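Let me begin by presenting the structure, written as structure tokens, before commenting on it.
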Amino acid sequence: MYKICQALLILEITAHGSKCSLIKLHLMNWAIKAQNRVETMRVAANLGQITLPVWGFDPALSIALNLAYSDSLVEPTKTGFKTTSKGKELVKKIMSDGTVMVEEKAALISIGKKITEDMVKTVSKEWV
């Protein structure tokens, strides 16, 4: 449930239209695991360019997204996922409770929506 809520927060706080690519979901999931990574994303957001050579992909996030889909909290798009109305209701509850996922919310809010899909696509093309 924790990882599902993280994914929903990523979609709502850092994605435009509550939808983003699977690669961006993994990037934001990776970033919120450590404060120095959050800072790296904040700098990238302000510069308009991601300079990471690579980041980690978490199998637990993929499992969480499948479970979130099974519970009708997200639905797949061509490249990733988007939040459903049921998912948005859960996010509202998480956001309104000042005692849950405090660090995750603060980290994601500090990054905001400035990491675009184009930025993610550009840096991921450099992996090849």
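Quick one: in the range 37-54, of everything that is closer than 14 Å to LYS121 by Cβ and surrounded by 18 or more Cβ atoms within 10 Å (Cβ to Cβ), which residue is modelled with the highest pLDDT? In this case the residue turns out to be ALA44. In the range 29-36 there is no residue that is in contact with an Asp or Glu (Cβ under 7 Å, 6 or more places away or on another chain), small (Gly, Ala, Ser) and open to solvent by 10 Å² or more (accessible area, probe 1.4 Å). Checked against (1) touching a Phe, Trp or Tyr at 6+ places or on another chain (Cβ under 9 Å); (2) buried (at least 17 other Cβ atoms within 10 Å of the Cβ), ALA107 meets all criteria but (1).
Take the residues in the range 13-28 that are of a type outside the set (A, V, I, L, M) and either under 20 Å from THR40 (Cβ atoms) or within 8 Å of the chain's Cα centre (by Cα) (or both); name whichever of them is surrounded by the fewest Cβ atoms within 10 Å (Cβ to Cβ). Per the criteria, the residue is SER21.
In summary, LYS82 fulfils each of the numbered conditions (1) touching a Gly at 6+ places or on another chain (Cβ under 9 Å); (2) open to solvent by less than 20 Å² (accessible area, probe 1.4 Å) with the single exception of condition (2).
The values are calculated or read from the model by the stated rules, or taken from the named source; none is laboratory data. The structure displayed is predicted, hence computed values, not measured ones. Cβ coordinates were reconstructed from backbone atoms using ideal geometry, including for glycine residues, and neighbour counts include every protein chain displayed. The accessibility values were calculated without ligands, DNA or RNA, using every heavy atom of the protein model including side chains. Shrake-Rupley method; radii C 1.70, N 1.55, O 1.52, S 1.80 Å.
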